[in-house]
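Asker: Okay, here's the structure, questions in a sec.
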Amino acid sequence: MQGKKDCDVSQRLGALHKVEEIRLLATKQLIETQMKRKEAHDRYLWNNNIEAGMLVLLHKPNPHTNAKGKWILHWEGPFRVLKMLHWGALQLETLNGATLPLVNISRLKAYHKKL
């Protein structure tokens, strides 16, 4: 009877170790998959090369005007980038020097002067 209990205990411990190995492998694979997805997402998110001192246009997603149709202007500006903060936040100022609230970099595009 004692030998059977020892056998059962060793089988259960072996099964627990196997479960732990599978869990660690799943965690490793999950981390690798998350990193790949992050790299793919960031490849498109941070594609614009905006730096401090540049002139940029600000996207206004929902203009509050009575005008309808596809000819509504969705960009304001130009604005000057004062400083870049963490995680894509930027501090902008108008050309007159008035500062704006923080803006995410995804709402900006570079301003190119007309020739």
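Throughout, read-outs are computed from the coordinates displayed, never taken from laboratory work. These figures come from a predicted structure and were not determined experimentally. Note: ideal-geometry Cβ built from the backbone for every residue, glycine included; neighbour counts use all protein chains shown.
Asker: What value in Å³ per residue do you get for the convex hull of the alpha-carbon atoms in the range 55-110?
Answerer: It comes to 93 Å³ per residue, whole-number rounded.
Asker: Give me the number: length gained by fully extending K83 to I31, i.e. 0.36 nm times residue separation minus the C-alpha to C-alpha distance, one decimal in nm.
Answerer: Working it through step by step, the gained length comes to 15.4 nm.
Asker: Mind ordering 55-61, 96-102 by average Cβ neighbours within 10 Å, highest first?
Answerer: On the way: 55-61: 15.6, 96-102: 9.0.
Packing order, densest peptide first, comes out as 55-61, 96-102.
Asker: I would also like to ask the following. If I model a spin label at W75 and E21 as a point 7 Å from the Cα along the Cα→Cβ vector, what separation in nanometres do I get?
Answerer: 5.8 nm
Asker: Between beta-carbons, use under 14 Å as the cut-off and find the net charge around R107, counting Lys and Arg +1, Asp and Glu -1. Can you show the working numbers first?
Answerer: On the way: positive: K60, K109; negative: E76.
Surrounding charge for R107 is +1.
Asker: When a footprinting reagent is the concern and you count Cβ atoms within 10 Å, what order do V103, V19 take, fewest first?
Answerer: If I rank by nearby Cβ atoms, fewest first, I get V19, V103.
Asker: I would also like to ask the following. Order of L90, L16 from fewest to most other C-beta atoms within 10 Å?
Answerer: Going from sparsest to densest Cβ surroundings: L16, L90.
Asker: Taking 25 Å as R0, compute the FRET efficiency from the Cβ-Cβ separation of L100 and H41 and round it to 0.05.
Answerer: Computed FRET efficiency for L100 and H41 comes out at 0.40.
Asker: Rank by packing, highest mean first: peptides 22-34, 76-88, with packing defined as the count of other Cβ atoms within 10 Å averaged across residues.
Answerer: 76-88, 22-34
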